[in-house]
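The next block holds one structure in the form of structure tokens; read it before the comments.
The values are calculated or read from the model by the stated rules, or taken from the named source; none is laboratory data. If you're wondering where the values come from, they're calculated on a predicted model, not measured in any experiment. Glycine also receives a Cβ, built like all others from the backbone with ideal geometry; neighbour counts cover every protein chain displayed.
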Amino acid sequence: MRSFVHALPKVELHVHLVGSAGVDTVLELARRHPEAGVPTERAELERFYTFRDFDHFLKVYWAVQSMLKGRADIHTLVVGLARELARQNVRYAEVTVTPYNHITDGMAGDELLAGLESGRAEAAALGVDLAWCFDIPGEKGLVAGRETLAFALSERPDGLVSFGLAGPEAGVGRAQFAPFFAAARDAGLHSVPHAGETTGPETVWSAVRDLRAERIGHGTSCVDDPALMEHLVLKGIPLEVCPTSNVRTRQVASIEAHPVRQMLDAGVVVTLNTDDPPFFGATLEGEYLAVATAFDLTPAQVATLAENAVLASFLPGGRKTSLLEEIADVLASAG
């Protein structure tokens, strides 16, 4: 199964750029910005990076964020992600970027965009196509929504395909961001908000109804509402499921206890993703293997998960067809 999973051409739909920073990337950033106080020796950094609990995850996340000063740092981040994706035979990824956080931290918008552009070009040379989702950090309120929308629509960088909403869900209603999502959709961007990760199915309903979500980030609480599950199946709205992340943040007790099995049995379109992979000790290959092992999936069922991600992506039709044909070939070779 391990070699089969590796051979599958894969697509990643839910990975945060800052949260994608691995040890090699952070080591380079820490040595470039020693004033940040992040360990500059590998062994010490590896200890610092080892997941302990959610509070520690946040500490590490914001430490990485603090070292992103300009285009070179963003470039380093993007290329580090691309190298890791290439290593796992991931051909395409839609990467979540939060411009509001970078700009309010003091980075000029053109520096952010230049780093994204040059990093994306180098990723393509590695065989990985990258697209962007600009998301609102919901806990920072309507001003973050307005500024994120304005930046997205005024700059509209190559590769920008979608508009998202992340951050804490509790107390941050989806509906208040509806005008921003309507404007983004009118401009041709796809709606991909987070919902139902740390709150109940009512948040997913709001994302679908108020934000007209085309995909849902996480969405795991949908299993608590059969009517919602039926709606997701009927409308073909895919979920960006991140099993290891859900275990690490204690939303579920284990992979074996994850509701992904219920989702699959109900016919929900499930895609597997990593969220903040190095922070949680995850890889996309690892997600496939963990789910396949926990739920005794056949190679054909695993291939269906890979197909789901391709079909749920915002790739052009011809590129989707090509990847689906490759997946079929790998499955046929597996016997």
task = Read through the list (1) closer than 24 Å to T244 by Cα; (2) surrounded by fewer than 17 Cβ atoms within 10 Å (Cβ to Cβ); (3) modelled with pLDDT of 95 or more, then give the number of the only condition that Y61 fails.
result = (3)
query = How many residues does region 212-231 contain that are within 23 Å of A178 (Cβ to Cβ), assigned to a helix (DSSP H, G or I) and acidic (D, E)?
reply = 0
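Being assigned to a helix (DSSP H, G or I) and hydrophobic (A, V, I, L, M, F, W, C) is the filter; apply it to region 202-211 and report the residue that is nearest to L272 (Cα to Cα). Please lay out each step first, then the result.
Step one: of region 202-211, the residues assigned to a helix (DSSP H, G or I) are 202-210.
Now restrict to residues that are hydrophobic (A, V, I, L, M, F, W, C): 204-205, 207-208.
Numbers: V204: 18, W205: 21, A207: 20, V208: 20 Å.
For region 202-211, the residue satisfying everything is V204.
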note = Checked pairs for region 275-296, first modelled with pLDDT of 95 or more, second among the basic types (K, R) and crowded, with 23+ Cβ neighbours inside 10 Å, C-beta under 6 Å and 6 or more apart or across chains, list as L284/K10
inquiry  = Restricting to region 232-245, and then to whatever is in contact with an Asp or Glu (Cβ under 9 Å, 6 or more places away or on another chain) and assigned to a helix (DSSP H, G or I), can you tell me which residue is nearest to A257 (Cα to Cα)?
reply    = P243
So L264, is it modelled with pLDDT of 95 or more and surrounded by fewer than 20 Cβ atoms within 10 Å (Cβ to Cβ) = yes
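Please pick out the residue among V161, V97 that is closer than 21 Å to I216 by Cα, modelled with pLDDT of 95 or more, in contact with an Asp or Glu (Cβ under 8 Å, 6 or more places away or on another chain) and surrounded by fewer than 21 Cβ atoms within 10 Å (Cβ to Cβ).
On the way: V97 fails: surrounded by fewer than 21 Cβ atoms within 10 Å (Cβ to Cβ).
So the residue among V161, V97 that is closer than 21 Å to I216 by Cα, modelled with pLDDT of 95 or more, in contact with an Asp or Glu (Cβ under 8 Å, 6 or more places away or on another chain) and surrounded by fewer than 21 Cβ atoms within 10 Å (Cβ to Cβ) is V161.
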Failed item, numbered, when T249 is tested on (1) modelled with pLDDT of 95 or more; (2) among the β-branched types (V, I, T); (3) surrounded by fewer than 20 Cβ atoms within 10 Å (Cβ to Cβ) = (1)
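Restricting the search to region 195-206, which residues are without any contact (Cβ under 8 Å) to a residue 40 or more places away in the chain and of a type outside the set (S, T, Y)?
Going through region 195-206, the residues without any contact (Cβ under 8 Å) to a residue 40 or more places away in the chain turn out to be 195-196, 199-206.
Within region 195-206, A195, G196, G200, P201, E202, V204, W205 meet the criteria.
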